[in-house]
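Read through the structure below, which is laid out as structure tokens, and then see the notes.
What follows is calculated from the coordinates using simple rules that are stated; it is not laboratory data. It should be emphasised that the depicted structure is a prediction, and the values quoted were computed from it without experimental measurement. Cβ placement follows ideal geometry from the backbone for every residue including glycine, while neighbour counts extend to all protein chains displayed.
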Amino acid sequence: MLKEFRQFILRGNLVDLAIAVVIGAAFGAVVAALVKDIITPLIAAIGGQPDFSTLHFTINGSRFEYGDFINAVISFVIIAAVVFFFVVKPINALLDRVQTGEAVDEPTRECPACLSQIPYAARRCAFCTEEVGPQPEPVAAPA
């Protein structure tokens, strides 16, 4: 039983998941600090005090502190914007830059070396420059 438990714990995807959780928590702390220490004071400098935690109303002796809710919503929107503009947009731009190529309108085949899609008539792969030799055009399937 201990051997099975050890195999379970040392399984690759479980270790990868644990690493992702730890890095995600650390990244969350960095983004929260950025929002709290830089973005929120910047908003306060432009638009006044950004802390709404003192806002509340009372009904039949029950106190509703809607200011904390407003603070949480504002923090969420700011964190989402920071993640979008400083993580998602740069990553998407990087992925667009390293994309293997545009879609081709003519029939294609797979390069045996790098698995990129190349035209059937190609003799050399445009992506990895491997010589692939000519291949006949594909035969259309009967309707």
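Sorted largest first, the principal axis extents computed over the alpha-carbon atoms of the chain equal 83, 55, 38 Å.
Between Val88 and Ile38, the simple label model (points 7 Å from Cα in the Cβ direction) yields a spacing of 1.9 nm. Residues Val35, Val98, Val77, ranked from the fewest to the most other C-beta atoms within 10 Å, line up as Val98, Val77, Val35.
Compared with the dominant Cα axis of the chain, that is its longest principal axis, helix 12-34 is turned about 50°.
The modelled label-to-label distance for the pair Val73/Ala121, using points 7 Å beyond Cα in the direction of Cβ, is 6.1 nm.
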